[in-house]
Amino acid sequence: MHKALSIIHEEHRSLSAVLSGLCELAHMARSSKVRPQFEVFHAMLYYIDSFPEREHHPKEDTFLFARLLQRDSDARDLIDTLRAEHVKGAALVRNLERSLNEFELVWPDGKEAFEAAAKAYAQFHWNHMRKEENDLLPRAEAAFSQADWRDMEAAFSINTEPLNDLRHTDFKNLFQRILNLAPAPVGLGDAWVDPAGKPA
Ligand SMILES: [Fe+2]
Ligand SMILES: [Fe+2]
């Protein structure tokens, strides 16, 4: 497999794992009688906002989609759809952040709304990634030359976002931090307990 394809698949798997964890914890929070540790939710939102929204999608737009349009003009409708989903995804992240902040303020109210927002965002993103993997990447494999793949590898091997200057290792550390904060069965963190030490 071309290195750029491996990177894209790996980035999808990492995001997918965080989305699964987010849904699982939002569900736990819904049935929890004690206050959730909101830090893990904020770490997950920070990951979702920093990595796919500011790194992965912009690189797809700028390099992968643009090059495929040059090589395969029949891919235009698919690319237009995926680009529109990137824009929509950015708006959905803002909704999710608002929903989390509100949940934290009004807890124990807001459980259902937060779980619904988390599920909606995750489902949206899983559908998007499936479309890329099943429909777009095979077209790129058929249309790209070795030189195209070398360009993709160069583009996807670095993180280009100048605002946060995060590197892949930082995202790996952040991913590990999420695992360390999240209680079982999502991660390795402590169970949520009330001030008297009673578990959720
Ligand atoms: Fe995408
Ligand atoms: Fe993607």
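Before moving on, here are some points about what is shown:
- Test: residue in region 8-19 that is among the charged types (D, E, K, R) and either away from ligand 2 (no atom under 13 Å from the Cβ) or on the phi > 0 side of the Ramachandran plot (or both): no
- Count of region 73-101 residues which are under 21 Å from the mean Cα position of the chain (by Cα) and in contact (Cβ under 8 Å) with a residue 12 or more places away in the chain: 17
- Candidate set: region 127-142, residues that are surrounded by fewer than 17 Cβ atoms within 10 Å (Cβ to Cβ) and touching a residue at least 60 places away in the same chain (Cβ under 8 Å); chosen: the one farthest from ligand 1 (Cβ to nearest atom): Ala142
- Test: residue in region 83-97 that is of a type outside the set (A, V, I, L, M, F, W, C), open to solvent by less than 40 Å² (accessible area, probe 1.4 Å) and at positive phi: no
- Residue in region 30-49 that is more than 30 Å from Ala184 (Cβ to Cβ) and away from ligand 1 (no atom under 14 Å from the Cβ) present: no
- When the residues of region 27-69 are filtered to those that are open to solvent by 10 Å² or more (accessible area, probe 1.4 Å), assigned to a helix (DSSP H, G or I) and of a type in the set (S, T, N, Q), the one that is farthest from ligand 2 (Cβ to nearest atom) is Ser31.
The values are calculated or read from the model by the stated rules, or taken from the named source; none is laboratory data. These numbers were taken from a predicted model, which means no experiment stands behind them. In this analysis, Cβ positions are derived from the backbone assuming ideal geometry, glycine residues included, and neighbour counts consider all displayed protein chains. Surface accessibility is based on the protein's heavy atoms, side chains included, excluding ligands, DNA and RNA. Shrake-Rupley method; radii C 1.70, N 1.55, O 1.52, S 1.80 Å.
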